[in-house]
1. Does residue 223 satisfy the condition of being β-branched (Val, Ile, Thr), crowded, with 20+ Cβ neighbours inside 10 Å and within 16 Å of ligand 2 (Cβ to nearest atom)?
2. Just the residues that are away from ligand 2 (no atom under 16 Å from the Cβ), of a type in the set (Val, Ile, Thr) and closer than 19 Å to residue 158 by Cα, please, taken from segment 88-130.
3. Could you please find all residues in segment 102-146 being charged (D, E, K, R), touching a residue at least 24 places away in the same chain (Cβ under 8 Å) and more than 24 Å from residue 200 (Cβ to Cβ)?
4. Please go through segment 59-83 and give me each residue that is more than 16 Å from ligand 2 (Cβ to nearest atom) and either closer than 14 Å to residue 36 by Cα or hydroxyl-bearing (Ser, Thr, Tyr) (or both), ordered by number.
5. Among (1) over 19 Å from the mean Cα position of the chain (by Cα); (2) touching a residue at least 24 places away in the same chain (Cβ under 8 Å), where does residue 95 come up short?
6. Being in contact with a helix residue (DSSP H, G or I) (Cβ under 6 Å, 6 or more places away or on another chain), surrounded by fewer than 20 Cβ atoms within 10 Å (Cβ to Cβ), in contact (Cβ under 8 Å) with a residue 60 or more places away in the chain and over 27 Å from residue 25 (Cα atoms) narrows it down to one residue among 149, 201; which is it?
7. Return the only residue of 22, 8 being β-branched (Val, Ile, Thr), away from ligand 1 (no atom under 13 Å from the Cβ) and at pLDDT below 95.
Amino acid sequence: MSEQAIETTEMQISDEVAIEITGMHKWYGDFHVLKNINLQVRRGERIVICGPSGSGKSTMIRCINRLEEHQQGSIQVGGIELSNDLKNIDAIRREVGMVFQHFNLFPHLTVLENCTLAPIWVRKMPKREAEEAAMKYLERVKIPDQAKKYPGQLSGGQQQRVAIARSLCMNPEIMLFDEPTSALDPEMISEVLDVMIDLAKSGMTMLCVTHEMGFARKVANRVIFMDGGEIIEENEPEQFFTNPKSDRTKLFLSQIL
Ligand code: ADP
Ligand code: MG
């Protein structure tokens with residue numbers, strides 16, 4: 001990962017709201033997993049979400065593209081209300097790309113086919129055009145030479161970069177990352193973080209669940225700490241790390257730093 005902090009001037013945060021979560025609750029059966037979540041994300045923001053295992057981080061970001069359903073409160077993405085209306089869900093999924101801890105690539109498709117599948121079948125893009133676009137993104141994540149290989153032939157870091165390229169092929173306005181480096185061997189973490197830093201510089205709105213606190217300091221304009229299904233604290237990174245307010249945040253930071 002490059003050492004210097006990203007110049008904040010490189011990344012303009014717009015006044016426009018990308019995501020608005022208001023009074024949102026979610027239950028898994030009887031288990032109250034998310035409690036009164038309120039979060040506004042403006043276009044161009046890079047938000048890092050951290051917190052202990054089981055605190056609801058994955059569930060929260062999965063609610064944003066309806067991989068999980070919330071039961072109370074509201075979630076709006078790009079001004080569209082996330083409800084049971086399939087048209088709305090579809091429209092929101094067009095806006096939002098997601099990268100998972102375990103890459104979730106299709107093992108029986110080549111890298112290039114993984115990247116062109118959704119553009120061709122969902123967006124009805126001509127194959128040639130989809131392939132050209134995919135190659136552009138594979139270059140951006142620095143693995144155009146792997147296009148003809150299968151995921152199993154790549155390292156974990158390379159597979160995760162393919163997963164990022166695949167998401168970008170759908171031209172999302174917002175990218176969600178759920179612990180994208182936590183399944184990787186240590187030497188591969190920085191090659192994935194570098195791609196994410198590059199994406200941040202390009203102005204992408206990003207919500208990243210990660211415990212890579214170096215990344216948070218360099219890239220995030222806000223860090224959110226969750227515990228027990230609640231947002232306990234949020235602050236800009238410097239304040240968050242040097243002057244955490246809640247005891248739970250202090251305890252968490254003492255365990256991971
Ligand atoms: P985190 O990502 O912060 O580790 P999760 O959002 O994955 O936390 O999980 C929050 C809590 O919800 C945990 O206690 C977890 O066991 C529980 N949980 C997650 N997914 C499900 C599910 N599909 N059904 C029931 N409980 C779940
Ligand atoms: Mg998780």
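1. Against the criterion (β-branched (Val, Ile, Thr), crowded, with 20+ Cβ neighbours inside 10 Å and within 16 Å of ligand 2 (Cβ to nearest atom)), residue 223 does not qualify.
2. 110, 111, 116
3. 123 - this is the single residue of segment 102-146 that is charged (D, E, K, R), touching a residue at least 24 places away in the same chain (Cβ under 8 Å) and more than 24 Å from residue 200 (Cβ to Cβ).
4. Across segment 59-83, the qualifying residues are 70, 71, 72, 73, 74, 75, 83.
5. Every listed condition holds for residue 95 apart from (1).
6. 201
7. Being β-branched (Val, Ile, Thr), away from ligand 1 (no atom under 13 Å from the Cβ) and at pLDDT below 95 holds for just one of 22, 8, which is 8.
For every residue, the table says whether it meets (1) outside any strand (DSSP E or B); (2) modelled with pLDDT of 95 or more; (3) more than 16 Å from ligand 1 (Cβ to nearest atom); (4) not aliphatic (A, V, I, L, M).
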site: 55; (1), (2), (3), (4): yes, yes, no, yes
site: 70; (1), (2), (3), (4): yes, yes, no, yes
site: 91; (1), (2), (3), (4): yes, no, yes, no
site: 105; (1), (2), (3), (4): yes, yes, yes, no
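The values are calculated or read from the model by the stated rules, or taken from the named source; none is laboratory data. None of the values given here were measured: they were computed from a predicted structure. FYI the Cβ positions are ideal-geometry reconstructions off the backbone, even for glycines, and counts take in every protein chain you see.
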